[in-house]
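Heads up, the thing below is written out as structure tokens.
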Amino acid sequence: LAKASGRNCARLFDPTDPQSSDESENLAALLKIAIGQDLVSLVYQPIQDVASGGFEAVEALMRLKMLDGTLVPPSLFIPVAERTGAILELGRWAIRTVCAELLAQDHVRVVSVNVSPIQLKTPGFATSVATILGETGVTGNRLAFEITEGLEMEMHSDILRCISDLKLLGIRIWLDDFGTGFAGLSWLRLIDFDTVKIDRSFLHDCGTPKGMAMLQDIIALVRNRGHKILVEGVETEEQMVLMRQFGIDKVQGFHVGRPAPAANFQTKRAIQKRPFTVLKSA
Ligand code: C2E
Ligand code: MG
Ligand code: MG
Ligand code: MG
């Protein structure tokens, strides 16, 4: 597998590369053994409450290592895991790990976990989540599931049923990367999301008058529908000031904290309403 120059990331496959399907197959094979070989892990990124400055939640993000230790970005392995179905086992592993690794302690109140539509469509998913909650003794109200408006164009009735079962467990449902796909608006009509995460591209484009108008419009749209608003990708203090002016509920981004392993952020600081001290970002 070719390594991208200068970054600790693998260029695994490229659709224009004749070898790309081989590399996708290699990745598929790696995903099958990933949990058993300890190649998969979770890092956590803090989510800040703008009004209080406190940290009420963290987002769990999956990391995959190849056997030589090279990191594979989720943008490469998640689509392969969805295609092969490996996402089902990886997803259950992630929820179980979040419950056992983080929620078993009291420092962090809520952890959000990214969930693929493939998981939501699979019969028995909500039951498997209920089992994990029962076994780890964690209550559902400490979990939020993030659903990305992705390629999944139609909202299947089984997805809606699964979401209502998850809500019965107390799990909050968030809409991730809002504004990046075509499905987001119809999802907003069908699902009562607790929080909508506005994709970071809107904040990054707000340097121009047109970009700023767009950001304000999308905020108004989400707010008028009664959802809490989280803006992703806050990287500077100037952007943070803007978020306070706009009355945004929650923010996430490198300015607030980078994703880090559970052991690497000092959770006590979160209680003191100060930023996480990230010793080593991942
Ligand atoms: P996401 O859920 O929207 O996660 C946010 C991504 O933005 C993360 O990338 C995070 O590291 C990055 N990020 C956070 N703050 C900033 C910032 O200020 N600036 C910039 N430039 N980037 C920032 P990551 O970890 O590479 O994850 C990419 C995507 O992979 C996630 O997007 C999510 O859709 C997916 N993903 C990650 N873990 C899982 C998982 O366990 N299950 C599923 N189904 N998908 C996952
Ligand atoms: Mg997310
Ligand atoms: Mg996102
Ligand atoms: Mg994203």
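Here, each number is a calculation from the coordinates, and none is a lab measurement. Here the structure is a predicted model, which means the values were calculated and not measured. Cβ placement follows ideal geometry from the backbone for every residue including glycine, while neighbour counts extend to all protein chains displayed.
Numbers below:
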| quantity | calculated |
| --- | --- |
| For peptides 56-66, 207-217, sequence by mean Cβ density within 10 Å, most packed first | 56-66, 207-217 |
| Label-point gap, in nm, between GLU135 and THR208 - each point 7 angstrom along Cα→Cβ | 5.1 |
| Taking PHE246, PHE202 and counting other C-beta atoms within 10 Å, the order from fewest to most | PHE246, PHE202 |
